[in-house]
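Questions regarding the structure given below will be posed in turn.
The values are calculated or read from the model by the stated rules, or taken from the named source; none is laboratory data. Since the structure is predicted, the reported quantities are computational estimates derived from the model, not experimental observations. All Cβ positions, even for glycine, are placed from backbone atoms using ideal geometry, and neighbour counts span all protein chains on display.
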Amino acid sequence: MAAWDAEEGDDLHITSIIDLKLAGWYPEYWEFVKALNTADTKGALADWCEYLPAAMIGSWPMEFSLDLLIGRRLG
């Protein structure tokens with residue numbers, strides 16, 4: 001992406017670079033579900049998922065459950 005103003009002349013300023021091979025669109029629940037993929041349900045850190053910033057990434061328990069089922073089914 002580049003910022004360019006025709007009135008200011010020929011100066012072109014690169015503002016960002018996007019790698020389209022790695023860019024993608026993910027559903028709204030993606031961050032929540034993938035953050036819990038490594039959750040340890042036993043042991044000292046069993047409750048760590050309660051400290052996820054739900055205000056930022058939301059809470060998607062149904063989508064997480066479906067992701068677990070799909071993961072178990074597909075291996």
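This table checks each residue for (1) of a type in the set (S, T, N, Q); (2) free of Cβ contacts under 8 Å to residues at least 60 places away in the same chain; (3) part of a loop (DSSP other than H, G, I, E, B).
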site: ALA23; (1), (2), (3): no, yes, yes
site: GLU28; (1), (2), (3): no, yes, yes
site: VAL33; (1), (2), (3): no, yes, no
site: SER59; (1), (2), (3): yes, yes, yes
site: LEU68; (1), (2), (3): no, yes, no
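Still on this structure: Looking at TYR29, is it modelled with pLDDT of 85 or more and out of contact with any strand residue (DSSP E or B) (no Cβ under 6 Å at 6 or more places or on another chain)?
For TYR29, the condition - modelled with pLDDT of 85 or more and out of contact with any strand residue (DSSP E or B) (no Cβ under 6 Å at 6 or more places or on another chain) - is met.
Residue by residue through segment 15-64, note down the ones that are in contact with a Phe, Trp or Tyr (Cβ under 7 Å, 6 or more places away or on another chain) and of a type in the set (Phe, Trp, Tyr).
Passing the criteria: TYR29, PHE32, TRP60, PHE64.
Let me ask something else about it. Could you tell me which residue of segment 11-52 is surrounded by the most Cβ atoms within 10 Å (Cβ to Cβ), considering only residues that are within 22 Å of ARG72 (Cα to Cα) and of a type in the set (Lys, Arg)?
LYS34
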